[in-house]
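Chemist: Next up is a structure, given as structure tokens.
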Amino acid sequence: MTLLEYSDRLKIFQNRKCVAEYPLPADGVKNQRFSPEGMPLPRYQPRHRKRPTDEEQKRLRAMAPAVDAYLDFVLKEEGRLQRHRFIRELFALSNRMPVSVFIPAIERALRYRIASLQTIERIALLYAQTELLPCSSAPIHPGA
């Protein structure tokens, strides 16, 4: 058997006779399912399919202007970080903590140009600990 790939179709030959011909998808089609005419689509999605982070990024930007400015800063650092992974992990971090802790942590990270999620998490932990401390001190009884 011989398989020949043309720009718009595949042809399968056996003993110099064309036994099957399949049209190919349009040029530039990637990560989509397709099958020959009259055949069902494959059951599984392609591997290594890109999952965009537009929704997570939109939700993060809507939280506060500081988060929007921070994302602008971080996404300019193209070569130093994995963009989609960073956005997903930052979004997950924002879901794990209250907004009253997350936003000041992001403001501080922006002020000091921090692009490390571990550092942002430590800053948020610091803010969470100071937020949970009582505002007034407990009364001390003399002689007790």
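Read the figures in this text as sums done on the coordinates, not as results from a lab. Treat the numbers as computed from the prediction; the structure is a model and nothing was measured. Backbone-built Cβ (ideal geometry, glycine too); neighbour counts: all protein chains shown.
Chemist: So which aspartates and glutamates can LYS58 reach, going by Cα to Cα under 15 Å and dropping same-chain residues fewer than 8 places off?
Modeler: LYS58 reaches ASP68, ASP72, GLU89.
Chemist: Short version: ³J(HN,Hα) in whole Hz for each residue of region 33-39, in order, from phi by Karplus 6.51 cos²θ - 1.76 cosθ + 1.60 (θ = phi - 60°), x for Gly and Pro, what are they?
Modeler: Whole-Hz 3J(HN,Hα) from phi for region 33-39: 7, 8, 8, x, 4, x, 10.
Chemist: Still on this structure: Mind listing the long-range amide H neighbours of LEU10? Cut-off is under 5 Å, sequence gap 5 or more, other chains count too, H placed in the peptide plane at 1.01 Å from N.
Modeler: Residues meeting the criterion, in which the H sits 1.01 Å from N, are TYR22, LEU24.
Chemist: Below 15 angstrom from the Cβ of LYS11, what's the summed charge of the other residues (Lys, Arg +1; Asp, Glu -1)?
Modeler: Charge balance in the 15 Å sphere: -1.
Chemist: Continuing with this model, one more query. Taking N as the number of residues in region 54-131, what is its alpha-carbon radius of gyration divided by 2.2 N^0.38 Å?
Modeler: For region 54-131, the normalised Cα radius of gyration is 0.99.
Chemist: Separate question: In straight Cα distance, which aspartates and glutamates are under 18 Å from LYS30, not counting same-chain residues fewer than 8 positions off?
Modeler: Of all the aspartates and glutamates, those that pass the test against LYS30 - Cα under 18 Å, at least 8 places apart if same chain - are GLU5, ASP8.
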